[in-house]
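The values are calculated or read from the model by the stated rules, or taken from the named source; none is laboratory data. Just so it is clear, the model here is predicted, and its values are computed rather than measured. Every residue, glycine as well, gets a Cβ built from its backbone with ideal geometry; the counts of neighbours run over all protein chains shown.
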């Protein structure tokens, strides 16, 4: 039996789907209020509880040899960032405390490429420690603190943690959608008025990322982290692929970095005044170009990971939104 925490999210749901399709017995931890749309068709055992419910966590982990922790608060735009640290650090700590008393073979923790060090002009690897705190926002700091906490449990021999530093994910099943997935949805549905030039981000297909987590459960070295990114992709490429897949012309309006920061500033201001989640904020614009190019060679070498071109996943994501729209279901989820 394997437990997936965060199974209703984008990565967690695709991971759960792969595990079920491979014949694994899967238990998922969901909140009473969770939107389970992405896993409702899957034959899984459901445990109800949250990250701070020790009894529910203990029961959920009972009889499991592997825990996949995919729960994360990714709302980088929040003005009050307390919830980010509560979920990404305190909630994780609560889960790790229970895991330390369980008989686990692996605890596969979903971290972020944002925890990797930045060295302009160089290709960075897992050995490059985080070094840009002065320019990071609280979302990034919460992810760094979470990874440090998880790896500390591994170093102390308390939990067999393997940390997966996952890049921007693209593909089907992004019901929310994620901020970068919004670009795919908007372009595919003809609702994106602009494209973005000069911004490239580390990216990976969602199903390839899920496959990497499964490989890590068997082959990942305890206490190690692995970069899960196929390649850097330009935002303009993402928009072009999604629009072309839908048989549409890419938006003619092209935005460059200075204009994006202006739009991001307005998005950040609107967020502070209304609480609405912006498509672009100063924080998201910065992350579009700030981090260094990364190597996934360690995941290939040690896990046997073989990612497909992320451009294929972007096209699959576009087709997902086209199908939802055709069925009248292209609505934003609240979970």
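Side notes on the structure shown:
- Residue tally, condition crowded, with 17+ Cβ neighbours inside 10 Å and at pLDDT 95 or above, over region 126-139: 3
- Of everything in region 310-330 that is over 23 Å from residue 235 (Cα atoms) and assigned to a loop (DSSP other than H, G, I, E, B), the residue that is modelled with the lowest pLDDT is 329.
- Criterion violated by residue 194 - all others in (1) in contact with a strand residue (DSSP E or B) (Cβ under 8 Å, 6 or more places away or on another chain); (2) within 21 Å of residue 118 (Cα to Cα) satisfied: (2)
- Qualifying residue in region 70-80 (condition: surrounded by fewer than 19 Cβ atoms within 10 Å (Cβ to Cβ), over 20 Å from the mean Cα position of the chain (by Cα) and modelled with pLDDT of 95 or more): no
- Residue, nearest to residue 232 (Cα to Cα), within region 148-163, restricted to residues that are crowded, with 24+ Cβ neighbours inside 10 Å and touching a helix residue (DSSP H, G or I) at 6+ places or on another chain (Cβ under 6 Å): 163
- Members of region 146-187 that are within 24 Å of residue 81 (Cα to Cα) and not in a helix (DSSP H, G or I): 163, 164, 165, 166, 167, 168, 169, 174, 175, 176, 177, 178
- Within region 112-145, considering residues that are in a loop (DSSP other than H, G, I, E, B) and within 19 Å of residue 85 (Cβ to Cβ), the one farthest from the chain's Cα centre (by Cα): 132
- Single match in 11, 42 (criterion: under 19 Å from residue 109 (Cα atoms) and touching a helix residue (DSSP H, G or I) at 6+ places or on another chain (Cβ under 8 Å)): 11
Per-residue answers, yes or no, for (1) closer than 23 Å to residue 316 by Cβ; (2) modelled with pLDDT of 75 or more; (3) within 21 Å of the chain's Cα centre (by Cα):
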| position | (1), (2), (3) |
| --- | --- |
| 179 | yes, yes, yes |
| 183 | yes, yes, yes |
| 189 | yes, yes, no |
| 204 | yes, yes, yes |
| 215 | yes, yes, yes |
| 273 | no, no, no |
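- Some residue of region 12-24 being without any contact (Cβ under 8 Å) to a residue 40 or more places away in the chain, in contact with a strand residue (DSSP E or B) (Cβ under 7 Å, 6 or more places away or on another chain) and part of a loop (DSSP other than H, G, I, E, B): yes
- Selection status of residue 307, at pLDDT below 95, within 26 Å of residue 172 (Cβ to Cβ) and in contact with a helix residue (DSSP H, G or I) (Cβ under 7 Å, 6 or more places away or on another chain): no
- Residue within region 152-159 that is at pLDDT 95 or above, at positive phi and under 16 Å from the mean Cα position of the chain (by Cα) present: no
- Selection from region 50-83 of residues that are touching a strand residue (DSSP E or B) at 6+ places or on another chain (Cβ under 6 Å) and in a loop (DSSP other than H, G, I, E, B): 64, 70, 71
- Listed by first and then second residue, the pairs linking a residue in region 43-68 that is at positive phi and at pLDDT 95 or above to a residue that is assigned to a loop (DSSP other than H, G, I, E, B) and surrounded by fewer than 20 Cβ atoms within 10 Å (Cβ to Cβ), with Cβ atoms under 7 Å apart and 6 or more places separating them unless they lie on different chains, are 63/1.
- When residues in region 28-63 are screened for being farther than 28 Å from residue 179 by Cα and either crowded, with 20+ Cβ neighbours inside 10 Å or within 18 Å of the chain's Cα centre (by Cα) (or both), 4 of them pass.
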